1. Quickly estimate the mean residue ellipticity at 222 nm for the chain, helices only: each DSSP H run with n ≥ 4 gives -39500 (n - 2.57), and the total goes over all residues, rounded to 500.
2. Find, among the chymotrypsin sites (Phe, Trp or Tyr not before Pro) in the range 645-721, those assigned to loop by DSSP (not H, G, I, E, B) with at most 14 other beta-carbon atoms within 10 angstrom.
3. Place a point 7 Å from the Cα of A148 along the Cα-to-Cβ direction; which residues of the range 197-222 have their backbone N under 20 Å from it?
4. Sequence neighbours fewer than 8 away in the same chain don't count; with that in mind, list the lysines whose C-alpha is under 20 Å from K666.
5. I'd like the accessible area for Y52, computed on protein heavy atoms only with a 1.4 Å probe and all protein chains in place. Round to 10 Å², please.
6. Quick one: putting +1 on the C-beta of Lys and Arg, -1 on the C-beta of Asp and Glu, what dipole do you get for the range 495-617 around its Cα centre, in Debye to the nearest 20?
7. Along Cα→Cβ, 7 Å out, is where each label goes; now give me the distance between the ones at R35 and D333 in nm to one decimal.
8. Accessible area of I624, 1.4 Å probe, to the nearest 10 Å²?
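The values are calculated or read from the model by the stated rules, or taken from the named source; none is laboratory data. Because the structure is a prediction, the values reported are computed rather than measured. Quick reminder, even Gly has a Cβ in these numbers, built from the backbone with ideal geometry, and neighbours come from all protein chains shown. Just the protein is used for accessible areas: all its heavy atoms, side chains included, with ligands, DNA and RNA removed. Shrake-Rupley method; radii C 1.70, N 1.55, O 1.52, S 1.80 Å.
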Amino acid sequence: PRPESRGQRTTRLITQYDAAADGDPAWEIARAFARAAHVLLGHANAYANEGYLRTATQWDTLRRLAAMVNYQPGPPASASTVVALSLVAGAGTVTVQKGLAAKYTAPTGGAPLIFETLAPLDAHSDLNAARVADWNVNATPLPLGPLASPLAATWLTGPKTEVDPGDLVVLAFGANGLSARARSVADVTKGNGTALILLDRGMDAPVIHAEARMWINPDDVRVGEARTGAGRIVVETASALSLAVGDLVFIKSDSTEEVAEVLAAIGTQITLQPRQTYSGTLTVLPLAPLATDDRGFVPTGLKVFHMYFAGPNEVGHTHIFSGSPYVEEITADTEIVGWRYAPIGFSAARGYTFSDGTDAVTATIQPATQQVLAQVPADASRTVTFTGKPPKSLALGAWYVARSLSDGATRPLRVAGISSGPGVYHILFDAAVGNLPDQTEFHGPMKDSLAPQFFDRNPNAVAAGNVAHLSGLSDTAQLLLKPGRQMIISRTTPDGITGDALASIASVTRAAAAPVQIALTTDADLTGWAAGDTVFRLNAVALGHGEGKGPRLLGSGDAERPLQAFPLAVKDISHVAFSAAEAGVIPDIDVAVDGVVWPWRDYVDVTAEGAKAWSPVLTEDGEITVHFRRRLPTGSNNVTVLRHRVGTGVAGSGIPGFNFTKPSKKHPQVIAIHQPFVTSGGADREPVAALRTSAPSRLAANGRAVSLRDFERLAASNASL
């Protein structure tokens, strides 16, 4: 009546069982009889139950009962998946033998699970991640808009990229990037590794993503040196003259002389605007400037007989002659003491005349242009001279933006030739500058270039109609592409969306100097998979649960015995998928007689009787008995298992993708494993409850699918399902 714990109750019962019966023989006899009856009736009940499918509880009993109707319980199955191997770059063709191992340890701990490749694989480094033709060429146009309505486009930038509104840029496009437009940046929105750039104008021609580059960040901004040309000459004087823009000088050659206006004067280099043509050398005499009075006249002394004025287009000249309307007398007490000169139709701030204290200097007329390349004739329209040292980034092919100082018009120019001299350098551009060099700003060379976002991502379908055109494969790699070869097709989108699909080659078409064409067999829907996002991992192989082990001795053959069977005292033998087996799997072992491997046949296959084959039968303790279907040759220890693998059951299923990343032991050629799919197909042996219905169903349908229910039962009988 007292409450007691489980331990107290157990102790009480043991004590009562072992206690003496106080010497009462009748009591002892009654106890012994009760025990014997209990054991006898229990065994009788067990034997009676084990004789029928409906009541049997022991697995081996059910196996024996099922064998009476030629049914074998479903064996355990080993999980598997398909992986892709990556070889060392440049490894070429490599045969990876079966048994390449990878290891998985569950996050919760426990013994690691070993998986091994189930077949040898002829692999090639070119097949690690093959691409379709033009996978990195985006042939779609950039959304830059028309000229009057520019649109912003996204460009890739680096951590040190600097682009701001107002910057001049060159947008190069077309085949080889030889077409170009000069633009100004209107607005910039910077992002993470990108910049949304709006230009001041759109485009008058389509610009393809793959061909477009925006050149930015000029190394320098310089104005070109003046050059001799139409209506102007550039002279180099023997000594420096104190001249300013707008001053007048007297120039004289052997046969010609005149007064010309100074357009520019830097050191000993003077640019003049004459009305006549000169060549070679001449003398230059600066004229003295005289200021005008409040009436716009220039007062002078009596010894000045000529006055010159700079006009907008030419030099005006006033001199004394009888009745001249451009000269007034300056009198004092009725005596002429000087002259007042008036501009001849010009509004000039000062006049110029000869001065006795000024000496003429010798000047050399500079050539109209400089020949930059020996093989290219001198071209004044394309050649510009600059003073000083050339920029460090100046090189052939570099881009410039030429901007007119008068109207701000811009045009792109590319360097076609470079030459240098003391303190100067000359650039031959690919096109005419379009303006005088000394009236043009040259922004360049452009040091950096930006590529459009997704310029190297082909957005077209990777395998339209399940047909792909692979490029970049060597001849030796192409020889491995045969119908039936498995592959894993992987994609990674710019948004980070990833996906993998299992496929196999249906057919291969090769043509000289053309991508190899493969037709695919796959259950996956590749719609929307872009060529620029997708790779074909063609070094695919099955990876199964189980660890390879060495040889095992089964026994000796005896030709006098009709059928011999040998137990293989190894538990958890790996079972791999095999379509010819009724259970869908067979043990992964190699059975040999006298060193010759015998093939497997299903134990329930009556046609295998007398064949040179062996059949497995599963035992209650999880081991295998190897039954031979014909007499064995007599020999001593001549029946062996050359190779077997251990590892099976439901534990191998459900391993998430990307847990097998490399071989568990270093391999000389295999550097990585791509495992996108969850392992599946692992299962324990057929349980007792299933055997009660499987055996009668097998007898009823005899392995055929007559009805929908039969088909369902056949599918469920596969050990991997």
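1. Mean residue ellipticity, 222 nm, calculated: -3500 deg cm²/dmol.
2. Here the chymotrypsin sites (Phe, Trp or Tyr not before Pro) that fit, given the DSSP loop and packing criteria, are F658.
3. Taking a point 7 Å out along Cα→Cβ of A148, the residues of the range 197-222 whose backbone N falls under 20 Å are 199-206.
4. K98, K103, K549
5. Number for this one is 150 Å².
6. It comes to approximately 340 debye.
7. 17.4 nm
8. Around 10 Å² of this residue is reachable by solvent.
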